[in-house]
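These notes concern the structure reproduced below.
Here, each number is a calculation from the coordinates, and none is a lab measurement. As the structure is a computational prediction, the values presented were derived from the model and not from experiment. Positions of Cβ are backbone-derived with ideal geometry, glycine not excepted, and every protein chain shown enters the neighbour counts.
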Amino acid sequence: MKFTRIRLKNIFAYHGLIDFDFSVTTQSRNVVLIWGRNGMGKTSFLNAVKLMFTGTAKKEFRTVGFPPMALNEKQFLLGDGARWSGVINRNALRKGLALKEPVDSFVEISWTDEEDREFTSTRWWHADGDSTTSGVFVDFDGNRMAGDAAADFLEETLPERFGQILLL
């Protein structure tokens, strides 16, 4: 699997739409370095990639902090008001509440596999005040999988145990 593009919108430290283009790598230049000062979004980037493949349904993927504490899905997405800021960017949520507008956030990853087939997967969240909805889909070969079929495909693509390596 080779990531070709990662797009993040209103997720963790990222407010607005951010596009990471990895398509410029070549066979001889195939290392991507993610660096920055403290608080600039390196961990947010890694957590967003993890979130794409793991989702939020399982309790172990919603466990945060020290000592560890499992949050319900709504707290995990919107923050708990104390020690966890939430998956959906806090500034985007504040702006949405002030303007009485919903906030959309997503992680989108495009990649090629060993056979050079192209895939794009999107996991999205929609927050409208205090309520949230979410979904996931995978596009490839002109087809779209959604819901459980897409989640199962992502699990097969990057097994859950690898997602557990990147802890929030």
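For the chain, modelled as a GNM whose springs connect Cα atoms under 10 angstrom apart, the maximal fluctuation among A98, A150, A48 occurs at A98. Between R90, R144, R37, the residue with the greatest mean-square fluctuation in the GNM of the chain (Cα pairs under 10 Å linked by springs) is R37. Going from the fewest other Cβ atoms within 10 Å to the most, the residues R123, R62 appear in the order R62, R123.
Set the bar at 24 Å for Cα to Cα. Now go through K2/K58; K2/K95; K2/K50 and name every pair that lies beyond it. Write down the numbers at each step before the final one.
On the way: K2/K58 26 Å; K2/K95 35 Å; K2/K50 15 Å.
K2/K58; K2/K95, as the Cα separations exceed 24 Å there.
Among V49, V32, the ranking by other beta carbons within 10 Å of each residue's beta carbon, starting with the fewest, stands as V32, V49. With all pairs of different C-alpha atoms in the average, the Kirkwood value for the hydrodynamic radius of segment 2-163 is 16.7 Å. Couplings 3J(HN,Hα) of segment 7-19, computed from phi: 10, 10, 9, 6, 10, 6, 7, 9, 9, x, 9, 10, 10 Hz, in residue order, whole Hz [Karplus 6.51 cos²θ - 1.76 cosθ + 1.60, θ = phi - 60°; x for Gly and Pro].
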